[in-house]
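Report on one structure; see the data block that follows.
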Amino acid sequence: MKGALLINLGSPDSPDPRDVKRYLGEFLMDERVIDISKALRTFLVKGIILNTRPKKSAKAYKKIWWEEGSPLIVLSKRLQKSVQKKISIPVELAMRYGNPSIEEGIKNLVNQGVNEVILIPLYPQFAMATTETILVLAEEVRSQNHPNLSFTVLPPFYNHPDYIRVLSESIQENLKDKEWEHLLFSYHGIPERHIRKSDVTKSHCKIDKSCCQTSSKAHKYCYRHQCYETTRQVAEYLELKEGTFSTSFQSRLGLDPWLRPYTDQTVAKFAKKGVKKMAIATPAFVSDCLETLEEIGMEAAEDFEEKGGEKLYVIPCINDRPDWVNVLSRWIDQWALAETAKTL
């Protein structure tokens with residue numbers, strides 16, 4: 001029997017500093033998030049970060065927390081339930097960090113008689129700190145507890161025509177009847193070293209002005225290339241004029257160089273240049289979360305206005321849009337039918 005597991009990043013169980021500390025501990029101790037030696041990572045996370053950051057992060061979570069719970073969890077559950085209504089095979093939800101866990105999601109499928117699972121990381125672009133860490137943990141759970149289970153993985157869909165259409169139409173609908181001068185595509189940032197570590201050629205990724213536009217098998221695992229390609233294809237779909245859109249990267253930690261340009265600096269730059277009305281989309285996220293609702297929707301919007309801008313239009317993620325539900329359901333159905341055909 002076949003089943004599907006949707007997997008998102010995760011969230012604290014509540015905005016209480018204790019829950020936030022527990023969540024951050026699990027997240028930041030992941031060797032694919034902070035990819036340094038375990039001893040140094042332990043000192044950095046448990047000795048420094050977890051003694052200062054949980055209270056600050058808890059305040060941010062409180063700003064965006066919904067009555068039903070964490071926006072990311074609530075929206076992901078809505079997506080899972082909507083997809084389940086469309087297809088006949090079981091669909092479960094899991095988070096890489098926090099609850100419901102990947103172990104719980106897999107167990108729920110197995111308890112329903114599932115022995116073939118399509119894993120669906122809800123990240124359009126590949127990154128070692130997102131897609132890769134999900135797949136590594138899922139395989140650990142499978143090998144230790146469910147060795148007879150088989151996995152198929154939905155590949156990154158950053159350039160899939162269905163995804164590009166849904167994302168583009170979402171942006172178009174949200175900007176309808178709005179006057180805007182520039183559209184910024186803001187993706188979650190990662191350290192530059194993650195790009196080089198993911199380079200299967202060990203030589204292509206220079207993180208310069210040309211490597212992401214030069215054809216290479218490195219692009220299969222290059223987060224930076226995939227982000228720029230999502231921007232390019234959406235701009236093409238929407239027929240955006242050159243100079244009216246750009247790409248940036250938000251959220252960074254520590255002193256190491258992260259992907260540039262930085263979103264906060266980019267937003268401030270446009271405001272200072274005299275741009276009065278600006279729009280911002282966050283295509284690295286399928287579901288709205290702390291990074292979209294607080295960092296962009298509150299902090300970036302406030303900073304834009306403080307620097308001279310008048311209005312920053314923040315475009316919601318695709319969340320549980322009906323067209324996105326239809327696309328995911330169709331992808332799962334196509335996999336299930338294809339796998340069934342192989343056994344006939």
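The values are calculated or read from the model by the stated rules, or taken from the named source; none is laboratory data. From a predicted model like this one, the values you see are computed outputs, not experimental measurements. Note that we place each Cβ from the backbone using ideal geometry, even for glycine, and neighbour counts take in every protein chain shown.
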Scan the range 1-45 for residues that are farther than 29 Å from Lys107 by Cα and among the aromatic types (Phe, Trp, Tyr) and report the count.
1
Residue that is nearest to Leu337 (Cα to Cα), among those in the range 93-115 that are in a strand (DSSP E or B) and touching a Pro at 6+ places or on another chain (Cβ under 8 Å):
Leu93
Check the range 228-238 and report whether any residue there is under 18 Å from Lys197 (Cα atoms), surrounded by 18 or more Cβ atoms within 10 Å (Cβ to Cβ) and either assigned by TED's automatic domain parsing to the domain that holds Pro261 or in contact with a Ser or Thr (Cβ under 7 Å, 6 or more places away or on another chain) (or both).
no
Tally the residues that are without any contact (Cβ under 8 Å) to a residue 40 or more places away in the chain and either hydroxyl-bearing (Ser, Thr, Tyr) or assigned to a strand (DSSP E or B) (or both), restricting the search to the range 302-315.
2
Could you check the range 183-207 and list, in sequence order, the residues that are β-branched (Val, Ile, Thr) and at positive phi?
Ile207
What single numbered condition from (1) surrounded by fewer than 23 Cβ atoms within 10 Å (Cβ to Cβ); (2) more than 23 Å from Asp162 (Cα to Cα) fails to hold for Val314?
(2)
Residue tally, condition without any contact (Cβ under 8 Å) to a residue 60 or more places away in the chain and more than 18 Å from the chain's Cα centre (by Cα), over the range 107-143
9
In the range 171-219, how many are within 21 Å of Asp264 (Cα to Cα), crowded, with 19+ Cβ neighbours inside 10 Å and without any contact (Cβ under 8 Å) to a residue 60 or more places away in the chain?
0
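For the range 260-296, which positions are farther than 15 Å from His188 by Cβ and either touching a residue at least 24 places away in the same chain (Cβ under 8 Å) or touching a Leu at 6+ places or on another chain (Cβ under 9 Å) (or both)?
Within the range 260-296, Val267, Ala268, Phe270, Ala271, Lys272, Gly274, Val275, Lys276, Lys277, Met278, Ala279 meet the criteria.
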Tell me which of these Phe249 doesn't satisfy, since it passes every other one: (1) touching a residue at least 12 places away in the same chain (Cβ under 8 Å); (2) in the same structural domain as Ile120 (by TED's automatic domain parsing).
(2)
If Ile120 meets every condition in (1) assigned to a strand (DSSP E or B); (2) aliphatic (A, V, I, L, M); (3) farther than 29 Å from Cys222 by Cα apart from one, which number is that one?
(3)
State all residues of the range 13-70 that are more than 23 Å from the chain's Cα centre (by Cα), crowded, with 16+ Cβ neighbours inside 10 Å and acidic (Asp, Glu); if no residue qualifies, say none.
none
Every residue in the range 245-301 that is of a type outside the set (Ser, Thr, Tyr), assigned to a loop (DSSP other than H, G, I, E, B), under 16 Å from the mean Cα position of the chain (by Cα) and buried (at least 19 other Cβ atoms within 10 Å of the Cβ), please.
Leu259, Pro283, Ala284, Phe285, Val286, Asp288, Cys289
I'm checking my understanding of the structure. Among residues of the range 40-97 that are among the β-branched types (Val, Ile, Thr) and in contact with an Asp or Glu (Cβ under 8 Å, 6 or more places away or on another chain), which one is farthest from Trp331 (Cα to Cα)?
Ile64
Looking at the structure I just gave you, is Val141 assigned to a loop (DSSP other than H, G, I, E, B) and either more than 24 Å from Val20 (Cβ to Cβ) or at pLDDT 95 or above (or both)?
no
Could you figure out which of (1) part of a loop (DSSP other than H, G, I, E, B); (2) under 25 Å from Ala338 (Cβ atoms); (3) touching a residue at least 60 places away in the same chain (Cβ under 8 Å) isn't true of Pro147?
(3)
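Rundown of residues vs (1) in a helix (DSSP H, G or I); (2) outside the structural domain of Met128 (by TED's automatic domain parsing); (3) farther than 20 Å from Ser101 by Cβ, yes/no style:
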{"position": "Leu6", "(1), (2), (3)": "no, no, no"}
{"position": "Gly10", "(1), (2), (3)": "no, no, no"}
{"position": "Phe27", "(1), (2), (3)": "yes, no, no"}
{"position": "Glu31", "(1), (2), (3)": "no, no, no"}
{"position": "Asp35", "(1), (2), (3)": "no, no, yes"}
{"position": "Ile49", "(1), (2), (3)": "yes, no, yes"}
{"position": "Pro54", "(1), (2), (3)": "yes, no, yes"}
{"position": "Ala60", "(1), (2), (3)": "yes, no, yes"}
